[in-house]
Amino acid sequence: MKRPIEDLVALAVGLVNADQRERARIVCDKALAEYPPHPAIHQLLALLELQAAHPAEARRHAQASLALRPDHGATRLLAAEAALALHAPAEAAADYERAAALAPAHPDVWFGLSQARQDLGDLPGAEAALRRTLALRPDQVEALVNLGIVLQEQGRVDEAMGAYGRAYRLREASFGRIAHALATPGTGRLWLDLEALRAALRAAA
């Protein structure tokens, strides 16, 4: 006797939440074999494939889920993350923008959108998305460093130093990435004295 699809979905969700990925996959495969396509099952498989570093399969399952449930924000975010991992920034940006419309208070959506826009060379768009990220999560070091990079690439090095300084004061381990970014020819400033750079970051407004 087949278990109802609702029971299989609930079991799969519980296994994913318990980080029992292989068992969750078995349940999802069983549900797909026994029932018509179900959006939650495809969403869970998208998540499992993304966690397994299989972005093409993750995007396929996310799109199958969205075909049945197009306005589901969490699935749209999975589709965007898979596209970004596949180095398809235009597709990622479109999905992130849709996800942002569905969940405007989700900082991960805006951070992902900033990455897609930066990959597309849309520096003002990336900056705007990073500022939305930081409005929601002011202590996100990765967003601060990326904001510094985007500002620096626009020739606004003093403003970039402010973002780098905030990142460094929150997490000193970010220093290596900041120093590397500042050494970029044409847009950065070469610091031969790294202790002086540390001091400048501590003092940056």
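A short reminder: the numbers here are calculations on the coordinates, not readings from a lab. No experiment lies behind these values; they were computed from the predicted model shown. Reconstructed Cβ throughout: ideal geometry from the backbone, glycine too, with neighbour counts over all protein chains shown.
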Grab the other residues whose beta carbon is less than 12 angstrom from that of PHE175, score K and R as +1, D and E as -1, and report the net. +3
Sorted from largest down, what three extents in whole angstroms do the Cα atoms of segment 23-83 have along their principal axes? 28, 24, 15
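In deg cm²/dmol and to the nearest 500, what is the mean residue ellipticity at 222 nm of the chain if only DSSP H runs of at least 4 residues count, each as -39500 (n - 2.57), divided by the residue total?
Numbers: 12 runs with 153 residues, N = 205.
Calculated at 222 nm, the ellipticity per residue is -23500 deg cm²/dmol.
May I ask you to give the average projected area over all directions of the convex hull of the Cα atoms of segment 84-205, in nm² rounded to one decimal?
Values: hull surface 29.1 nm².
Mean shadow area of the hull around the Cα atoms is 7.3 nm².
Provide HIS180, HIS42 in ascending order of the number of other Cβ atoms located within 10 Å of each residue's Cβ, fewest first. List each step's numbers first, then the result.
Working: HIS180 11, HIS42 25.
So the ranking, lowest neighbour count to highest, is HIS180, HIS42.
Taking neighbour counts of Cβ atoms within 10 Å as a proxy for exposure, in what order, fewest first, do LYS2, LYS30 appear? Can you show the working numbers first?
On the way: LYS2 10, LYS30 16.
Lowest count first: LYS2, LYS30.
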Inter-probe distance in nm under a simple model that places probes 7 Å from Cα toward Cβ, at ASP139 and ALA53: 3.1 nm
Just to be sure I understand: with springs between alpha-carbon atoms less than 10 Å apart, which residue in LEU194, LEU102, LEU84 has the highest mean-square fluctuation in the Gaussian network model of the chain? LEU194
Return the single residue from GLU97, GLU172, GLU195 with maximal mean-square fluctuation; model: Gaussian network over the chain, springs between Cα atoms under 10 Å. GLU195
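If packing is taken as the average number of other Cβ atoms within 10 Å across a peptide's residues, how do 196-205, 9-18 rank, most packed first? Intermediate values should be presented prior to the final figure.
Values: 196-205: 14.5, 9-18: 16.7.
Put in order of decreasing packing, that is 9-18, 196-205.
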Of all alpha-carbon pairs in segment 134-205, indicate the percentage at a distance above 18 angstrom. 27 percent
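Rounded, prolate or oblate, given the Cα gyration tensor of segment 11-112, with a/c below 1.5 counting as rounded?
Values: a/c = 1.78, a/b = 1.68, b/c = 1.06.
Judged from the Cα gyration tensor, segment 11-112 comes out prolate (a/c at least 1.5, a/b above b/c).
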